[in-house]
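Report on one structure; see the data block that follows.
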Amino acid sequence: MSPVVLHLNSVLATGGTDDQCVRLVQGLRQLGIGAEIAGPDYRHFGGIVRDSGVPLHVINREGPAKLRLIFAAAKVIRQGGHDIVHGHHGRDLWSTVFAARFSGRRPKIVLTRHLAKSPSSGFSKRFLLGQIDRMICVSEFVAHVVREGDHDPASPEAERHWRPPMHGDFSKLRVIHGGIDTARFRPRDDEAVAALRKSWGLTGGEFAFAIVGAFYAPRGKGHREFLRAAALASKRLPNTRFLVIGQGDLEATLRADIRQLGLAGIAQLTGHCADMPAAMNAIDCLVHPQIGTEAFPGVVLEAHACGRPVIASALDGIPEAFSAAALGQLVVPEDVGILAEAMVQEASRPPLPLVAREGFHAKLDAAFSLRRLAERTADAYRELLAGGPGR
């Protein structure tokens, strides 16, 4: 008999964790797993869940100390007969544990760690593993941080200096890489892609580098380094453009950087893009110069699934995402000169024909599709319920 699983998510907004949670539940249901979600219905993914037909148990108010959330979820578990309760956000770690305990059913408790760091509180670091049955880490690097911690004192980013480990039974850890919708992210050369390039002011012969994602102070995900490298590379690449796709509170700073670096007419902020599969096909190379922590970047998978090369920082979980296709280059983080040189090298390569791009898509589909994510998670559920290792 297939397990009945409740995914507790008190956010369901627009972030990567929410996207992975919702798409995982959809994939599990396609495999015959009785997966459901408990959380708010008024945010972005709440509407998507309802429209998809996934059962959504609406909990819109958390209450003091999250007691309303905990007892509402416990009631859902008790009435729904759930075998497993699965939490995703750091803010829901203990809510998931208490909801399971107060349900009176003793379901198995699973948490997914989507961040490349241990929980922030010392109490959680020391005691959380003892209260759950399984922790899923979205990359080997995340599992490394949970088991051993990570020490990078030379980094300009304070959050990288010391990430302490957790304590407890590490046999409960399972690595299950994140996945992407490879049915949407695939090589395309169609009218929508051409129209998007035109809207960005790109001509047919221009090579377009892009950094994709939200940009927040102080440096985004290496957005300012991207523009500094663009200023160096553009001197050797006269027919090249540099796009910043996304939005955030660094907009004024990035626009000032473009002016001061002499990139007017060469670099631009495109704003939010509603059709990211088309965007990944409209660019020629993705640049992901991450400077902070990174558990497992879906944006790298999306570009590779479209047959686009990627230049990315060789840190944290990024090499694991890069490994399936290995199309492009991994570079030293924070080194603008090396990043610029990598841009020059990638722009000098002949474009890949569609058939070659489809070959890279096949690699991503085999390794990092939503189907594979759901299959691996379903296997972890079955192992847990059967009393397998780490129980």
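The values are calculated or read from the model by the stated rules, or taken from the named source; none is laboratory data. Worth saying up front: this structure is predicted, and the values here are computed from it rather than measured. Backbone-built Cβ (ideal geometry, glycine too); neighbour counts: all protein chains shown.
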* Asked: From the set of residues in region 247-267 that are aliphatic (A, V, I, L, M) and over 27 Å from G205 (Cβ atoms), which is surrounded by the fewest Cβ atoms within 10 Å (Cβ to Cβ)?
  -> A252
* Asked: Which one of the conditions (1) within 28 Å of H144 (Cβ to Cβ); (2) within 19 Å of the chain's Cα centre (by Cα) does P218 fail to meet, given that it meets all the rest?
  -> (2)
* If a residue has to be in a helix (DSSP H, G or I) and over 23 Å from the mean Cα position of the chain (by Cα) to count, how many in region 360-387 make the cut? -> 4
* Structure fact -> Picking from V145, V138, the residue that is over 30 Å from R68 (Cβ atoms), of a type outside the set (G, A, S), surrounded by 20 or more Cβ atoms within 10 Å (Cβ to Cβ) and in contact (Cβ under 8 Å) with a residue 12 or more places away in the chain would be V145
* Asked: List the pairs whose first member sits in region 260-274 and is within 14 Å of G246 (Cβ to Cβ) and at pLDDT 95 or above, whose second member is of a type in the set (D, E) and surrounded by fewer than 17 Cβ atoms within 10 Å (Cβ to Cβ), and whose Cβ atoms are under 7 Å apart, counting only residues at least 6 apart or on separate chains?
  -> L269/E251
* Residue count for region 346-378, restricted to those that are more than 30 Å from V22 (Cβ to Cβ) and touching a strand residue (DSSP E or B) at 6+ places or on another chain (Cβ under 7 Å) -> 2
* **T270, sole failed condition from (1) surrounded by fewer than 20 Cβ atoms within 10 Å (Cβ to Cβ); (2) among the β-branched types (V, I, T); (3) out of contact with any Phe, Trp or Tyr (no Cβ under 7 Å at 6 or more places or on another chain)** => (3)
* In region 200-208, is there at least one residue being without any contact (Cβ under 8 Å) to a residue 24 or more places away in the chain, surrounded by fewer than 17 Cβ atoms within 10 Å (Cβ to Cβ) and assigned to a loop (DSSP other than H, G, I, E, B)? -> yes
* Could you please find all residues in region 228-244 being surrounded by 23 or more Cβ atoms within 10 Å (Cβ to Cβ) and either of a type in the set (D, E, K, R) or within 16 Å of G271 (Cα to Cα) (or both)? => R241, F242, L243, V244
* Just a yes or no: is a residue in region 38-53 crowded, with 19+ Cβ neighbours inside 10 Å, touching a His at 6+ places or on another chain (Cβ under 6 Å) and either assigned by TED's automatic domain parsing to the domain that holds G298 or modelled with pLDDT of 95 or more (or both)? -> yes
* Hey, can you tell me all the residues within region 226-262 that are more than 30 Å from the chain's Cα centre (by Cα) and either of a type in the set (A, V, I, L, M, F, W, C) or in a helix (DSSP H, G or I) (or both)? => L237, R259, Q260, L261
* To do: Give the residues of region 139-179 that are closer than 28 Å to E225 by Cβ, in a loop (DSSP other than H, G, I, E, B) and not small (G, A, S), sorted by residue number.
  => D152, P153, P156, E157, H161, P164, H177
* To do: Scan region 67-83 and give yes if some residue there is in contact (Cβ under 8 Å) with a residue 24 or more places away in the chain and loosely packed, with under 15 Cβ neighbours inside 10 Å, otherwise no.
  => yes
